[in-house]
Amino acid sequence: MSAIHEIIEAPLAPEQLAKRWQAMCDDPTFEDVAGKIELTEWGEILMSPVSKSHGLAATRLAKCLEQALGGRTVVEVGIATAIGVRAPDVAWCSDAYLAAHPEEMPLSSAPEICVEIASASNALPKLREKAMAYIKAGAVEAWIVFPQTRRIEIYDRSGSRESTSFKVDTHALFG
């Protein structure tokens, strides 16, 4: 990545964030990072370690979503949002979404379902902020999954909702 010569005084424009994201993806020093990487709207790099239980939960969620809905799931893919380039733990994409978004980096709009898996190191207000950022970026729903307590918070354009509008048995997500 190129050196920054001045202090950033305002959030970066989406194009600037996309360039930084692409540069990070092209930089070989980031290719073996054992964790999730995101960029804030200020261009700051956020790194989160991924535990075995977190990875297993993401895999289980991805499989359940694909079995229930078809389409495809992606993990930790960068999405341009109002709060930077964020990467949901799991995102479900319909075939129509995939056809409309070939090889974008970061994605210019969020897939239909974006899922964050809560872990002990997360701050719930930040997870909720990310969920709403995914909705504002085009997701139909954003979920926060709590594996320890086996519950889900679901959000759509109206805010919090009791259940998903998708044909998914959310109880099956917990194995």
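Nothing in this text is a laboratory measurement; each read-out follows from the coordinates by a stated rule. None of these values were measured; they are calculated from a predicted model. Don't worry about glycine lacking a Cβ; one is built from the backbone with ideal geometry, like all the others, and counts go over all protein chains shown.
Taking other residues whose beta carbon is less than 13 angstrom from the beta carbon of Asp95, and scoring Lys, Arg as +1 and Asp, Glu as -1, yields -1.
With the simple model of a label 7 Å out from the Cα in the direction of the Cβ, Ala10 to Ala100 spans 3.0 nm. Nearest 0.05, what FRET efficiency do Asp169 and Val33 give at R0 = 35 Å with Cβ-Cβ as r? The calculated FRET efficiency here is 0.55. Bridging of Lys167 to lysines at a Cα separation below 17 Å is possible for Lys63, once same-chain residues fewer than 8 apart are set aside. When you restrict to C-alpha pairs under 8 Å that are six or more residues apart and normalise by the size of the chain, the relative contact order lands at 17 percent. Between Glu66 and Asp156, the distance separating the two model label sites (each 7 Å from Cα on the Cα→Cβ line) works out to 2.6 nm. In the chain, the DSSP-assigned H stretches of four residues or longer account for a calculated mean residue ellipticity at 222 nm of -9000 deg cm²/dmol, using -39500 (n - 2.57) per stretch and the full residue count as denominator.
When peptides 63-73, 25-35 are ranked by their average number of other Cβ atoms within 10 Å per residue, the highest-first order is 63-73, 25-35. Could you tell me how far the Cα centroid of segment 97-131 sits from the Cα centroid of segment 63-80, in Å? Segment 63-80 and segment 97-131 have Cα centres spaced 10 Å from each other.
Quote the relative contact order of segment 81-175 in percent (integer), defining contacts as alpha-carbon pairs under 8 Å separated by 6+ residues.
With pairs under 8 Å counted, the relative contact order is 23 percent.
Cross-link partners for Lys126 among the lysines, with Cα-Cα distance under 25 Å and sequence neighbours closer than 8 places in the same chain left out: Lys19, Lys36, Lys52, Lys136.
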